[in-house]
Amino acid sequence: MSPDLTRKELYELVWTKPRSQIARQLGVSDVWIGKMCRRKNVPAPPPGYWANLAAGSRRRRKYVKPLLPYTVVERIEEEHQELAAGFAGFDPNDFGQP
């Protein structure tokens with residue numbers, strides 16, 4: 001079974017739970033989660049991230065959640081979807097619409 005996750009969904013999952021918990025939840029291995037992160041260019045927590053949180057120690061710079069990088073294609077697709085949502089109910093053949 002290979003769940004179909006978007007980059008954003010995978011990003012949020014990886015930064016909210018350890019890979020082993022995500023793997024159990026999705027029915028895959030934790031190695032598969034790591035491979036999907038690399039394939040989809042999703043920044044994952046470094047080794048020791050969850051142990052550091054569990055210990056309650058001071059947050060170090062290497063343990064700060066980075067922003068999800070976007071490619072130009074992804075930005076264009078998102079903007080297109082937002083614009084298309086604004087045209088919901090628009091009929092190009094109805095000339096009576098403003």
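The values are calculated or read from the model by the stated rules, or taken from the named source; none is laboratory data. Since we're looking at a predicted model, the values are computed, not measured. Using ideal geometry, Cβ is built from the backbone for each residue, glycine included, and neighbour counts are taken over all protein chains shown. What goes into the accessible areas is simple: the full protein's heavy atoms, side chains included, and nothing from ligands, DNA or RNA. Shrake-Rupley method; radii C 1.70, N 1.55, O 1.52, S 1.80 Å.
Laid out as a table, the results:
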| item | result |
| --- | --- |
| Some residue of the stretch 73-90 being of a type in the set (Gly, Ala, Ser), modelled with pLDDT of 85 or more, on the phi < 0 side of the Ramachandran plot and in a helix (DSSP H, G or I) | no |
| Residue count for the stretch 66-77, restricted to those that are open to solvent by less than 60 Å² (accessible area, probe 1.4 Å) and either touching a Ser or Thr at 6+ places or on another chain (Cβ under 9 Å) or without any contact (Cβ under 8 Å) to a residue 12 or more places away in the chain (or both) | 0 |
| Scan of the stretch 49-65 for residues that are modelled with pLDDT of 85 or more and either assigned to a loop (DSSP other than H, G, I, E, B) or open to solvent by less than 50 Å² (accessible area, probe 1.4 Å) (or both), ordered by number | 49 |
| Candidate set: the stretch 1-14, residues that are open to solvent by 40 Å² or more (accessible area, probe 1.4 Å) and touching a residue at least 24 places away in the same chain (Cβ under 8 Å); chosen: the one nearest to residue 64 (Cα to Cα) | 8 |
| Within the stretch 15-39, considering residues that are open to solvent by less than 50 Å² (accessible area, probe 1.4 Å) and part of a loop (DSSP other than H, G, I, E, B), the one nearest to residue 5 (Cα to Cα) | 28 |
